[in-house]
Amino acid sequence: MTISELRRMTELKQEFEFSYDGVKYNFFYDKDDDGRNVIIFGEQYFGKKYRSFAQLLNEASVGNRHLKDVILSVERN
C-alpha cells in the first residue's frame, strides 16, 4: 500500500486492518469530545486517536517503527 492509497482510504473513512510481524493493526474512525473527526489506529483493541493524516504519519507506530516506514510492505486483510 502506498501513502497516497492510505491517505485516500482515511479520507473515505474506510475501516481496515493489517498484520505486521504477527500483530493485527486496525484503522477506524470516530469523533473526539469536541465533535471533530479522528482517525483511530493501533494494535487491535488499543487504538490511539489522531486528529489528522499528517499527525498519523508523523506519530503512529507499528511495533518499533513508524507507520510511514512500513506502509509500503502492508497488505490489507
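The values are calculated or read from the model by the stated rules, or taken from the named source; none is laboratory data. What you see is a predicted model; the values in this text were computed from it and never measured. Glycine also receives a Cβ, built like all others from the backbone with ideal geometry; neighbour counts cover every protein chain displayed. For the accessible areas, the whole protein counts, side chains as well, though only heavy atoms, and no ligand, DNA or RNA atoms are used. Shrake-Rupley method; radii C 1.70, N 1.55, O 1.52, S 1.80 Å.
Couple of notes before you dig in:
- Just checking the listed ones, LEU56, LEU12, LEU67: in the Gaussian network model of the chain with Cα springs under 10 Å, the one fluctuating most is LEU12.
- Database remark: amide H of SER61 closer than 5 angstrom to the amide H of LEU67 (H placed geometrically; neighbours at sequence offset of 5 or more, or on other chains; Pro and chain starts carry no H).
- Structure remark: mean-square fluctuation, Gaussian network model of the chain, C-alpha springs under 10 Å; the largest value among GLU59, GLU17, GLU43 belongs to GLU59.
- Of all accessible heavy-atom area on the chain, the percent that carbon and sulfur account for (1.4 Å): 43 percent
- Remark: region 33-42, residue by residue, has Karplus-estimated 3J(HN,Hα) of 5, 8, x, 7, 5, 9, 9, 10, 9, x Hz, where x stands for each Gly or Pro and the curve is 6.51 cos²θ - 1.76 cosθ + 1.60 at θ = phi - 60°.
- Region 1-58: C-alpha gyration tensor shape, a/c 1.5 cut-off, then a/b vs b/c: oblate
- Separation in nanometres of the label points that stand 7 Å from Cα toward Cβ, at VAL23 and ASP69: 1.3 nm
- GNM flexibility winner over the chain from TYR45, TYR20, TYR29 (Cα, springs under 10 Å): TYR45
- Label separation (PHE46 vs MET1): 1.9 nm, computed from points 7 Å beyond Cα along the C-beta direction.
- For the chain, relative contact order (Cα pairs under 8 Å, six or more residues apart, normalised by length) works out to 30 percent.
- The phi-based Karplus calculation (6.51 cos²θ - 1.76 cosθ + 1.60; θ = phi - 60°) puts the 3J(HN,Hα) values of region 56-69 at 4, 5, 7, 10, 5, 10, 10, x, 9, 10, 6, 3, 4, 7 Hz, whole numbers, x for Gly and Pro.
- Difference of contour (0.36 nm per residue) and Cα-Cα distance, GLN55 to ASP32: 6.8 nm
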